[in-house]
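Asker: Could you have a look at this structure, given as structure tokens, before my questions?
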Amino acid sequence: MCAVSIGSVVGRDVKIELSKIFLIYPLISHSGLLSYLSRKNIYIRSVEELIALKMPFLSNFNQRYEDSLLLTVNSLQLLSDMGYLTIVDGLVSSNTKMTYDISMGKRAKKIFDASENILKILEADSSSLYLNLRVKL
């Protein structure tokens, strides 16, 4: 699901800093947070708003971040090898848009639905995101 989450966010025709890519999977790996972000009536404007509204969902974010580092690197390599994305000068961009297919399952549908909110969260400065999400480097 990590590759799907990266592909769904980067596939929105944007260039995202590599450091921000590592925050995508920890955001969607919490089922409650994924369900919240995938709702059609939810529009998150910033990471600060998300923290204020759903602090319990982010309490173990650093642990999820650490647990997903290797998976994220492998997913980036896979997506790059498959031609879905390229990494140039620390920016990740989409070559081919990844689209949802019903055979991917319900969780993938939620990931695709949440990708707009995740992208909005990732608009903040990288250092601000890492600080607010309390990621220890």
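A short reminder: the numbers here are calculations on the coordinates, not readings from a lab. Since the structure is predicted, the reported quantities are computational estimates derived from the model, not experimental observations. Positions of Cβ are backbone-derived with ideal geometry, glycine not excepted, and every protein chain shown enters the neighbour counts.
Asker: Place a label point 7 angstrom from the Cα of Glu49 along the Cα-to-Cβ direction, then list the residues of the range 96-113 whose backbone nitrogen is under 19 Å away.
Answerer: 113
Asker: Can you give me the distance in nm between label points at Ser59 and Lys97, each placed 7 Å from the Cα along the Cα-to-Cβ direction?
Answerer: Label at Ser59, label at Lys97, 4.0 nm between them.
Asker: Next question. Work out how much length Ser126 to Lys40 would gain on full extension: take 0.36 nm times their residue separation and subtract the Cα-Cα distance, in nm to one decimal.
Answerer: Between Ser126 and Lys40, full extension yields an extra 28.3 nm.
Asker: Now for a different question. Starting from the Cα coordinates of the chain, work out the convex hull volume and express it per residue in Å³.
Answerer: Values: hull volume 13.9 nm³, N = 137.
Given the Cα convex hull of the chain, per-residue volume reads 101 Å³.
Asker: Leu70 to Arg134: extension gain in nm, 0.36 nm per residue of separation minus the Cα-Cα distance? Numbers along the way, then the final one.
Answerer: Numbers: separation 64, 0.36 × 64 = 23.04 nm, distance 1.92 nm.
Extra length from Leu70 to Arg134 when fully extended: 21.1 nm.
Asker: So which lysines can Lys120 reach, going by Cα to Cα under 20 Å and dropping same-chain residues fewer than 8 places off?
Answerer: Lys120 reaches Lys15, Lys20, Lys40, Lys54, Lys97, Lys109, Lys110.
Asker: Which residue, Asn41, Val14, Ile24, has the largest displacement toward the positive end of the dipole of the chain when charges sit on each Cβ (Lys, Arg +1; Asp, Glu -1)?
Answerer: The residue sitting most towards the positive pole is Asn41.
Asker: If you don't mind, there's one more thing I want to ask. What's the magnitude of the charge dipole for the chain around its Cα centre, counting Lys and Arg as +1 and Asp and Glu as -1 at the beta-carbon? Answer in Debye, nearest 20. Present the calculation step by step, with values, prior to reporting the outcome.
Answerer: Values: 16 positive and 13 negative charges, 103 e Å.
In total the dipole reaches around 500 debye.
Asker: Expressed as cubic angstrom per residue, what is the convex hull volume of the alpha carbon set of the range 1-53?
Answerer: Working: hull volume 5.2 nm³, N = 53.
With only Cα atoms used, the range 1-53 gives 99 Å³ per residue.
Asker: Kindly rank 53-59, 130-136 from highest to lowest mean number of other beta carbons found within 10 Å of each residue. Please report the intermediate quantities before stating the final value.
Answerer: Numbers: 53-59: 13.7, 130-136: 15.3.
Highest mean packing first, the order is 130-136, 53-59.
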